[in-house]
1. Does the range 50-70 hold any residues that are of a type in the set (Val, Ile, Thr) and under 25 Å from the mean Cα position of the chain (by Cα), and which are they?
Amino acid sequence: MQSVTLRHRVGEDGILHLDIPVGLKDAELEVTITFKKVTPVTTITDDLEWKEFIERTYGSCAGDPIVIAEAGI
């Protein structure tokens, strides 16, 4: 028996579509599905304006500055 954990979004139609490769062919499987609603992960989209993103992340690399070496190195 194998367990697979996925995080997927339900579309506007209210139907969850899953494509799960199982590595088996021409086999019969018993499948159990348990689901729970989770808080969406924030991404840089309309949900988070670019200005807010800059304000939240400004200075986050201060302790590990980016060093640009000579070209080609």
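The values are calculated or read from the model by the stated rules, or taken from the named source; none is laboratory data. None of the values given here were measured: they were computed from a predicted structure. Calculation scope for accessible area: heavy atoms of the full protein, side chains included, ligands and nucleic acids excluded. Shrake-Rupley method; radii C 1.70, N 1.55, O 1.52, S 1.80 Å.
1. Hits for the range 50-70 are Ile54, Thr57.
Matching residues to (1) open to solvent by less than 100 Å² (accessible area, probe 1.4 Å); (2) at pLDDT below 85; (3) aliphatic (A, V, I, L, M):
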{"site": "Val4", "(1), (2), (3)": "yes, yes, yes"}
{"site": "Val10", "(1), (2), (3)": "yes, no, yes"}
{"site": "Glu28", "(1), (2), (3)": "no, no, no"}
{"site": "Phe35", "(1), (2), (3)": "no, no, no"}
{"site": "Thr39", "(1), (2), (3)": "no, yes, no"}
{"site": "Ile44", "(1), (2), (3)": "no, yes, yes"}
{"site": "Leu48", "(1), (2), (3)": "yes, yes, yes"}
{"site": "Pro65", "(1), (2), (3)": "yes, yes, no"}
{"site": "Ala71", "(1), (2), (3)": "no, yes, yes"}
